[in-house]
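Accompanying notes for the structure given below.
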Amino acid sequence: MKLTDKKRKDILDAAILEFREQGFPAARVNRIAELAEVSKRTLYKHFESKELLFQAITDILLDEIAAAPKLRYAPDEPLRDQLVAAVRDYVTHLTGDHYMGLNRLVMSELLRDQKLAQAFLTKAALQDGPISSLIGDAMTSGALRRADPGIATGQLLSMVKHFLVWPVFLTGAKPDLDADAVIGDCVQMFLAFYRTDGLTAETRPGPVGNP
């Protein structure tokens, strides 16, 4: 790692620590520079303001999801098994200490600043997550009825997050639930609505999002 890249990483790590301990409004640039063991001049060379420093942290949150390998539908394997495995990995990542800590930090500030929140949502909407690509492939192949993959993915993950992610976010403790059973049930409900096999023209639901 180049020295410049290392200093940037040290500044980001220090900012995350300072923002967690003090909150964004009370966080001090002097303290961040001290924790990163760099001068204020060096800090401002990388980040011109505290706001841009926070924006870089939100980018880390989004980039971690975007960096996940895209999943492709395998027609020779049960779609249910593919979705269950993908959702299980997704939940494991979201509830890990590192990601959950960043998520709490970012969300607490987004609730305070609507402008930042809108910018975050706009950027997040452009991310094509691994589960969305899997569902999109399955729709293209005919295994799922055609709809907007992003909306369909959001419907599936919203069910799962309600039981397995939000409790951890709010309380710090994992819910007393069988995670595999919850994920399996949510996937089954999703497939009951979107799968094409066994549905006739009369019983097939109408399209959601793009036809």
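Of the residues Tyr73, Tyr99, which is outside any helix (DSSP H, G or I), surrounded by 16 or more Cβ atoms within 10 Å (Cβ to Cβ) and not assigned by TED's automatic domain parsing to the domain that holds Ala27?
Within the list Tyr73, Tyr99, the selection yields Tyr73.
Can you name the condition, by its number, that Asp113 falls short on among (1) free of Cβ contacts under 8 Å to residues at least 12 places away in the same chain; (2) exposed (fewer than 14 other Cβ atoms within 10 Å of the Cβ)?
The failed condition is (2).
Which members of the range 114-150 meet the condition of being closer than 20 Å to Val91 by Cβ and β-branched (Val, Ile, Thr)?
Residues satisfying the conditions are Ile131, Ile135.
What are the residues in the range 5-45 that are in contact (Cβ under 8 Å) with a residue 40 or more places away in the chain and assigned to a helix (DSSP H, G or I), if any?
Ile11, Leu12, Ala15, Ile16, Phe19, Arg20
Identify the single condition in (1) farther than 20 Å from Gly129 by Cβ; (2) of a type outside the set (Phe, Trp, Tyr); (3) at pLDDT below 95 that Asp185 does not satisfy, given that it satisfies every other one.
All conditions are met except number (3).
Restricting to the range 131-152, and then to whatever is surrounded by fewer than 21 Cβ atoms within 10 Å (Cβ to Cβ) and part of a loop (DSSP other than H, G, I, E, B), can you tell me which residue is farthest from the chain's Cα centre (by Cα)?
So the residue we want is Gly142.
Of the conditions (1) modelled with pLDDT under 95; (2) loosely packed, with under 11 Cβ neighbours inside 10 Å, Lys174 fails just one. Which one is it?
Only one criterion in (1) modelled with pLDDT under 95; (2) loosely packed, with under 11 Cβ neighbours inside 10 Å is unmet by Lys174, namely (2).
The values are calculated or read from the model by the stated rules, or taken from the named source; none is laboratory data. Just so it is clear, the structure is predicted and the values come from calculations on it, not from any experiment. Ideal geometry is used to build each Cβ from the backbone, glycine not excepted, and the neighbour counts take in all protein chains shown.
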